[in-house]
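A.B. asks: A single structure is presented below for examination.
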Amino acid sequence: VLWATAGNGPGIDEGSAIACDSSGAIVVAGQYTEAADPGDFELVSKTRKVFIEKLHPDGHQLWSRSVEAIQGDWKWSRARKVAVAVQDNISLMGEGQIGALPHMTGSSYGPDGQYNWGTMTWGTGNATGYGLAVGAWGDVYVAGRFEGGVALGMTGLKATSTEEDVFV
């Protein structure tokens, strides 16, 4: 072990995704309740929130962000995967919900933590992403499961059975 660090918040702090960029910096994503104090930047919330942070290869924190709603009453609830692409752009995939319905969500951040874009699934069903990859040109690929009817970007999918189906 070269080094270790802790979140030290009063509620639940949980890391659930990790990746490295081209310089060896570490990108971590997860969930927290109440407050998270992963280093120099304290994050505070009254509800469960998703965070993303970047650490220098020696372990000191470069930046951290609380991941906010993409649109309206959308709420992030869990970070599942993080990937680093060309030019060290960061892709985050997770779960959120509108009302009681869970949906897959994704966001992109620049190497310095600036927000680039966000998207989410829509529909009467739900979708959960389990795999995330970034291609050589920065294209983002996800794989997971869905049930009912969902829209992934401009593509609508309808499950062919009463069970879950796969999507890519």
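The values are calculated or read from the model by the stated rules, or taken from the named source; none is laboratory data. For clarity, every value in this text was computed on a predicted model and none was experimentally measured. Cβ: placed from backbone, ideal geometry, glycine included. Neighbour counts: every protein chain shown. Protein only, heavy atoms only, side chains kept; ligands, DNA and RNA dropped before computing areas. Shrake-Rupley method; radii C 1.70, N 1.55, O 1.52, S 1.80 Å.
A.B. asks: So, in Å, what gap is there between the alpha-carbon centers of segment 79-113 and segment 118-168?
C.D. replies: For segment 79-113 versus segment 118-168, the Cα centre distance is 14 Å.
A.B. asks: Net charge near residue 54: determine it from the other residues with C-beta under 11 Å of the C-beta of residue 54, scoring Lys and Arg +1 and Asp and Glu -1.
C.D. replies: Net charge around residue 54: -3.
A.B. asks: Relative contact order for segment 88-168: what percent, with Cα pairs under 8 Å and sequence separation of 6 or more?
C.D. replies: Reported as a whole number, the value is 22 percent.
A.B. asks: Taking the mean number of other Cβ atoms within 10 Å as a proxy for protection, how do you rank 20-26, 105-111 from highest to lowest?
C.D. replies: So the peptides 20-26, 105-111, ranked by packing, come out 105-111, 20-26.
A.B. asks: Report the local net charge at residue 90: Lys and Arg +1, Asp and Glu -1, summed over other residues whose C-beta lies under 13 Å from its C-beta.
C.D. replies: -1
A.B. asks: So what is the accessible area of segment 97-168 per residue, in Å², with the probe set to 1.4 Å?
C.D. replies: On a per-residue basis, 57 Å².
A.B. asks: Give me the extension gain from residue 61 to residue 139: residue separation times 0.36 nm, minus the current Cα-Cα distance, reported in nm with one decimal.
C.D. replies: Contour length minus the Cα-Cα distance gives 25.3 nm.
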